[in-house]
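What follows is one structure encoded as structure tokens, with my remarks underneath.
The values are calculated or read from the model by the stated rules, or taken from the named source; none is laboratory data. As the structure is a prediction and not an experimental result, all values here were calculated from the model. A quick note on method: Cβ atoms are made from the backbone with ideal geometry, for glycine too, and the neighbour counts reach across all protein chains shown.
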Amino acid sequence: MKREQNNVSKSIVGKKILFLVGDKEFASVQERLFHIPSKLAKNGFLVDVVTYNEDVYEKAKVFFKGVDNINPILLKSTPLIWSPQQRDDFVRIYIRHTFDLFIPGTDLKYWKTSAFDDFRGHIASHSFSGIEMDYNLLLMPIPSFDEPPSIVCDVFYTTFIFHAKEKGIPVAGLQIYPVLHTPVLYMKIMDYFIVRALFEKEHYERNGVEGSKIFILDMPYENYCISTIEDTYKNLMFDKQFDIQDDEIAILIVNHAKYRQQINEVLQALSKIDIKKTLFFYKRGYHVRELSEDEIIEEIIKPYLERVGGKHYIVHEGSIAKLIMLCDVIIATTYIVPLTFAAQYQKVAVVYNPLKKAATFEDGVSFLNDSNTLRHIVKERFFKKKSYNSIDEIVKGIAK
């Protein structure tokens, strides 16, 4: 199993990551799972995405087409056909390992009453060869015992884990299934666990896993990438039109036909915050007498917009749901229903208007009437975002 060099950026040198994908795990998470190796590759890691399933492989080729530092690899299994002599050897092994076992409370030996087929059924029917373990980390989804992987998948995972252990390569598992369904074996053989929530971390700790080996992937975009529950709105976070970095805050300002002074105050407040930011200014499609919204923005709003710093975009109406999912803070000068939608997705939703009383609605929308509080809330969200665990930072810390 060799890395193809034609898809590797020469300008980026990083550690090598082996990312395993089984068919059932892929079916549970779909292509969201592929955003994890994609994010690693974007941050300089060299990633081999390896699977034994042709359908998963074909989807990976399409998904990663043109992406630097990442290669999908199809590793085919070899069926094992046992000769009569090998079968007899298995019988001897079976008896040897169970010879001294008695059925409790009797003098009857266990092997005399059990079926050899039960033992033989646990002998792998497939194998994988040609494996070269030249990696700094093995990363894979943790399977479920409630919906166990196929025999081929089980052999696929355990074969690679065995080789990783032999080479001293750390093994990290992504928690995609309910934590209560993690096989006991995987609690023992995984070196690190990457989970979605605090209660999952606490579950592993109660079962003897050291807390230092468990990481909560709380970056919202990446947290969703290992969720088995699809959300059509969260899918909008995968939009590639705008590139929002982990270390910058994205702010959406919704225009208004009357409250232009309040909008200018918002922009002035944001210009005084020395943080990395991207600003989206959302048009509403209105006219004021003979003036169009574009003319008003060009003459009145744009000078303030350019002083904010960072990147800024003026966006046409009709795409507000996508912008909300991409942004961290949403600001309007009067209450609009999309603010409640934003708050439901844990965004900071603000109505800024000095003419109104400050308050917080039960739906999570904050009404602010002074620019100092607005700046404080934006900065607070910025530093909260910087505190999130991202997959690339976790992998940097655990790859050997």
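Restricting attention to the stretch 253-260, does a residue exist that is farther than 26 Å from GLU362 by Cβ, at pLDDT 85 or above and either among the polar types (S, T, N, Q) or out of contact with any Phe, Trp or Tyr (no Cβ under 7 Å at 6 or more places or on another chain) (or both)? Walk me through it before giving the result.
Initial filter on the stretch 253-260 (farther than 26 Å from GLU362 by Cβ): 255, 257-258, 260.
With at pLDDT 85 or above added as a condition, the list becomes 255.
Next cut, either among the polar types (S, T, N, Q) or out of contact with any Phe, Trp or Tyr (no Cβ under 7 Å at 6 or more places or on another chain) (or both) only: 255.
Yes: one or more hits.
Within the bounds of the stretch 327-336, is there any residue that is of a type outside the set (A, V, I, L, M), buried (at least 17 other Cβ atoms within 10 Å of the Cβ) and over 27 Å from the mean Cα position of the chain (by Cα)? Give the derivation first.
Initially, the stretch 327-336 is screened for residues of a type outside the set (A, V, I, L, M), giving 327-328, 333-335.
Pick out the ones that are also buried (at least 17 other Cβ atoms within 10 Å of the Cβ) and you get 327-328, 333.
In the following step, the residues that additionally are over 27 Å from the mean Cα position of the chain (by Cα) were identified as 333.
Within the stretch 327-336, one or more residues are of a type outside the set (A, V, I, L, M), buried (at least 17 other Cβ atoms within 10 Å of the Cβ) and over 27 Å from the mean Cα position of the chain (by Cα).
Can you say whether TYR110 is assigned by TED's automatic domain parsing to the domain that holds SER28, of a type in the set (Ser, Thr, Tyr) and surrounded by 14 or more Cβ atoms within 10 Å (Cβ to Cβ), as far as the supplied structure shows?
No; evaluated as a whole, the condition is false for this residue.
With respect to ALA321, is the statement that it is in contact with a Phe, Trp or Tyr (Cβ under 6 Å, 6 or more places away or on another chain) and not assigned by TED's automatic domain parsing to the domain that holds GLU222 true? Spell out how you get there, then give the answer.
Details: in contact with a Phe, Trp or Tyr (Cβ under 6 Å, 6 or more places away or on another chain): no; not assigned by TED's automatic domain parsing to the domain that holds GLU222: yes.
No; evaluated as a whole, the condition is false for this residue.
Scan the stretch 267-276 and give yes if some residue there is of a type in the set (Asp, Glu), surrounded by fewer than 19 Cβ atoms within 10 Å (Cβ to Cβ) and closer than 20 Å to HIS376 by Cβ, otherwise no. Please lay out each step first, then the result.
We begin by selecting, within the stretch 267-276, every residue of a type in the set (Asp, Glu); these are 274.
This time we only want the ones that are surrounded by fewer than 19 Cβ atoms within 10 Å (Cβ to Cβ), so: 274.
Right, trim to closer than 20 Å to HIS376 by Cβ and you get 274.
Yes; the residues of the stretch 267-276 include at least one that is of a type in the set (Asp, Glu), surrounded by fewer than 19 Cβ atoms within 10 Å (Cβ to Cβ) and closer than 20 Å to HIS376 by Cβ.
Among the residues that make up the stretch 152-172, is at least one of them under 18 Å from PHE26 (Cα atoms), touching a strand residue (DSSP E or B) at 6+ places or on another chain (Cβ under 7 Å) and free of Cβ contacts under 8 Å to residues at least 40 places away in the same chain?
no
Filter the stretch 1-26 for residues that are modelled with pLDDT of 95 or more, acidic (Asp, Glu) and out of contact with any Pro (no Cβ under 6 Å at 6 or more places or on another chain) and give the result.
Correct list: ASP23 only.
Taking ILE229, is it among the hydrophobic types (A, V, I, L, M, F, W, C), under 30 Å from VAL91 (Cα atoms) and surrounded by fewer than 20 Cβ atoms within 10 Å (Cβ to Cβ)?
Values: among the hydrophobic types (A, V, I, L, M, F, W, C): yes; under 30 Å from VAL91 (Cα atoms): no; surrounded by fewer than 20 Cβ atoms within 10 Å (Cβ to Cβ): yes.
Against the criterion (among the hydrophobic types (A, V, I, L, M, F, W, C), under 30 Å from VAL91 (Cα atoms) and surrounded by fewer than 20 Cβ atoms within 10 Å (Cβ to Cβ)), ILE229 does not qualify.
Tally time: how many residues in the stretch 75-125 are at pLDDT 85 or above, among the β-branched types (Val, Ile, Thr) and either within 30 Å of LEU18 (Cβ to Cβ) or touching a strand residue (DSSP E or B) at 6+ places or on another chain (Cβ under 9 Å) (or both)?
2
(1) surrounded by fewer than 21 Cβ atoms within 10 Å (Cβ to Cβ); (2) modelled with pLDDT of 90 or more; (3) under 29 Å from THR228 (Cα atoms): which one isn't true of ASP134, the others all being true?
Among (1) surrounded by fewer than 21 Cβ atoms within 10 Å (Cβ to Cβ); (2) modelled with pLDDT of 90 or more; (3) under 29 Å from THR228 (Cα atoms), the lone unmet condition for ASP134 is (3).
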